[in-house]
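As structure tokens, the structure follows; a few thoughts come after it.
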Amino acid sequence: MSGHSKWAKIKREKAGNDAKRGQIFTKLGNAIAIAARHGADPCMNPALALALEKAKLANMPHTNIEEAIARGSGAESGAQMMEMLFEGYGPGGIGIIVETISDNRNRTTSEVKNAFSKHGGNIAESGAVAYLFERKGVINVEPTADADTLLLAAIDAGAEDVSTAEGETLIFTELRQLHQVRQKLIDQGIKVLDAEAQFVPKTLVSITDQETATRIIKLMDALEEVEDVSATYTNFDIDDQLMAKLNQT
């Protein structure tokens, strides 16, 4: 398992620096609404429990959360939300997966395609890129000096793998085990920073050219700016020195 995604780390850093709160709340609200379709009680709906936790960490207003739950559970009338997945390629031949939540298929498709085409990428057929990734549960925990103890705790909780790199400690699980492993880690006193289902790249594409790296970041940023996009995944690897140069330009 390739494990750490350079793009995942870049996204988190950007979120802390320049994220638009209104856009974040829209994305979180859509995720809550989709999860709530399977039940409005987070105690009985692990997906909703995780979505609510993310919203609370982002300081999403309680009224927004309640409205999203009502919208998804059918308690409030409105446009039907749908999940769509797009696959594509970016500069340097990198693979990209884009998850969206939308009430308008045509609008979302058009905006995602435009983001790809304007920044040197292109949409691919279904399955053309997905095979480069694995669907896994990914739990981001607070790093600890006692790596052996953390590893044993993760294995005991039912995790598949533990990876420490890029200043992060990630625990990987089977998708259906995500909520259970997360709760067991919390019960053992381990601080969980985030937990979600992700597309994890099986291998990484090394990017060493600055121009290509710049185009990749612009494409990924453009995709993230699409309001209906809920998550983006890619398999590029830009080394820290090159990334530092990009941040200076």
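The values are calculated or read from the model by the stated rules, or taken from the named source; none is laboratory data. Predicted, not measured: the structure shown is a model, and the values here were computed from it. When we count neighbours, we look across all protein chains shown, and the Cβ atoms used for this are built from the backbone with ideal geometry, even at glycine.
Do any strands (runs of 3 or more DSSP E) lying entirely in region 160-235 carry at least 1 residues that are over 18 Å from the mean Cα position of the chain (by Cα), and which ones are they? Walk me through how you get there before you give the answer.
Numbers: elements: 161-165, 168-173, 192-201, 205-207, 229-234.
Passing ranges, in order: 161-165, 205-207.
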Checklist entry - How many residues are closer than 16 Å to N122 by Cβ and among the hydroxyl-bearing types (S, T, Y) if we restrict to region 218-248? => result 2
Item to check | region 40-75 - residue that is of a type in the set (G, A, S) and within 21 Å of the chain's Cα centre (by Cα) and, of those, surrounded by the most Cβ atoms within 10 Å (Cβ to Cβ) | outcome: A68
Checklist entry - Taking G137 and the conditions (1) of a type outside the set (A, V, I, L, M, F, W, C); (2) out of contact with any Ser or Thr (no Cβ under 6 Å at 6 or more places or on another chain); (3) at pLDDT 90 or above, which numbered condition does it fall short on, given that it satisfies the others? => result (2)
Checklist entry - Taking into account only those residues within region 97-119 that are small (G, A, S) and either loosely packed, with under 13 Cβ neighbours inside 10 Å or at pLDDT 95 or above (or both), which is nearest to L223 (Cα to Cα)? => result A115
Checklist entry - Can you tell me which residue in region 228-249 is farthest from P143 (Cα to Cα), limited to those that are surrounded by 18 or more Cβ atoms within 10 Å (Cβ to Cβ) and among the charged types (D, E, K, R)? => result D228
Checklist entry - Would you call E142 surrounded by 13 or more Cβ atoms within 10 Å (Cβ to Cβ), assigned by TED's automatic domain parsing to the domain that holds T212 and under 21 Å from the mean Cα position of the chain (by Cα)? => result no
